[in-house]
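Q: I'd like to ask some things about the structure below.
The values are calculated or read from the model by the stated rules, or taken from the named source; none is laboratory data. What you see is a predicted model; the values in this text were computed from it and never measured. In this analysis, Cβ positions are derived from the backbone assuming ideal geometry, glycine residues included, and neighbour counts consider all displayed protein chains.
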Amino acid sequence: MSLDSHIERVLWTPDQISHRVAQLAAHITHDFQPVSPPPVVVGVATGAFLFLADLVRQIPLPVSVDFVRAESYGSGTQSNKAPSVSINLKVDVQDKHVILVEDIVDTGCTLSCLIAHLKSKGASSVSVCTLLDKPVRRKVEVELVGEGKFYCGFQCPDYFVVGYGMDFAELYRNLPFVGVLKPEYYKVFDRFIAEEYNEISRAP
Ligand code: 5GP
Ligand code: MG
Ligand code: MG
């Protein structure tokens, strides 16, 4: 059975995503062209892996690339828990401009924690580039560092979305689009998300 049959609704198609990623890459290139040294692009694993890969291939600057891991939902999928962040950067960010690349900003807890860490490591600025943003769910304001900027692909409605790097129970990351699962698939794996996002079942 095809993975596509698990999807209730596609929110952004591969074409829409690639068009927007190209625009974001052009903005970042324009903003960081004059900056020295070139920025460090730090992806938040695992969800940002496809977005980061597509983004950096369209930024023709000598950027370095690294990843950090942040598990805000842990195994219990409680989004309100402080994220457990495992930071093991290879790249030294002292006096560097950092662009954090995220799949989606939800409560803001993960980013705030990562930004605080990068600031403590002496980053001269921290910008954020997120594919999706769900501002209605914000619990912590995302405070950038220095001249940092906030780049956002799309505002996301309050659904639990999957695809283009984003998972549900570690599945669906390989879908080339962003969409919403059929309610029965959320219920199969995880009662918390099925309840928390029960409007999914009312999605048109
Ligand atoms: P925050 O700390 O901002 O609440 O959570 C951010 C992280 O939670 C995201 O980077 C992402 O990994 C996960 N997350 C939040 N909303 C969604 C969603 O709708 N779908 C998926 N797959 N992950 C989400
Ligand atoms: Mg993420
Ligand atoms: Mg996840």
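Q: Output the residues belonging to region 33-52 that are crowded, with 20+ Cβ neighbours inside 10 Å and part of a helix (DSSP H, G or I).
A: The answer is Leu50, Phe51, Leu52.
Q: Let me spell it out: the conditions are (1) of a type in the set (A, V, I, L, M, F, W, C); (2) at pLDDT 95 or above; (3) closer than 20 Å to Val128 by Cβ, and Val68 meets all of them except one. Which number is the exception?
A: Among (1) of a type in the set (A, V, I, L, M, F, W, C); (2) at pLDDT 95 or above; (3) closer than 20 Å to Val128 by Cβ, the lone unmet condition for Val68 is (2).
Q: Give the residues of region 41-62 that are within 16 Å of the chain's Cα centre (by Cα) and β-branched (Val, Ile, Thr), sorted by residue number.
A: Within region 41-62, Val41, Val42, Val44, Thr46, Val56 meet the criteria.
Q: Across region 90-123, which residue is nearest to ligand 3 (Cβ to nearest atom) among those that are surrounded by fewer than 19 Cβ atoms within 10 Å (Cβ to Cβ) and of a type in the set (Gly, Ala, Ser)?
A: For region 90-123, the residue satisfying everything is Ser112.
Q: Looking only at region 136-178, which residues are within 15 Å of Leu50 (Cα to Cα) and over 14 Å from the mean Cα position of the chain (by Cα)?
A: Listed by number, the residues that qualify are Glu170, Leu171, Tyr172, Asn174, Leu175, Pro176, Phe177.
Q: Then there's this: Which members of region 144-187 meet the condition of being acidic (Asp, Glu) and either in contact with a Ser or Thr (Cβ under 7 Å, 6 or more places away or on another chain) or within 13 Å of ligand 1 (Cβ to nearest atom) (or both)?
A: Residues satisfying the conditions are Glu147, Asp158, Asp167, Glu170.
Q: Here is a further query. For residues that are within 17 Å of the chain's Cα centre (by Cα) and of a type in the set (A, V, I, L, M), scanning just region 1-33, find the one that is farthest from Tyr159 (Cα to Cα).
A: Among them, the one singled out is Ile28.
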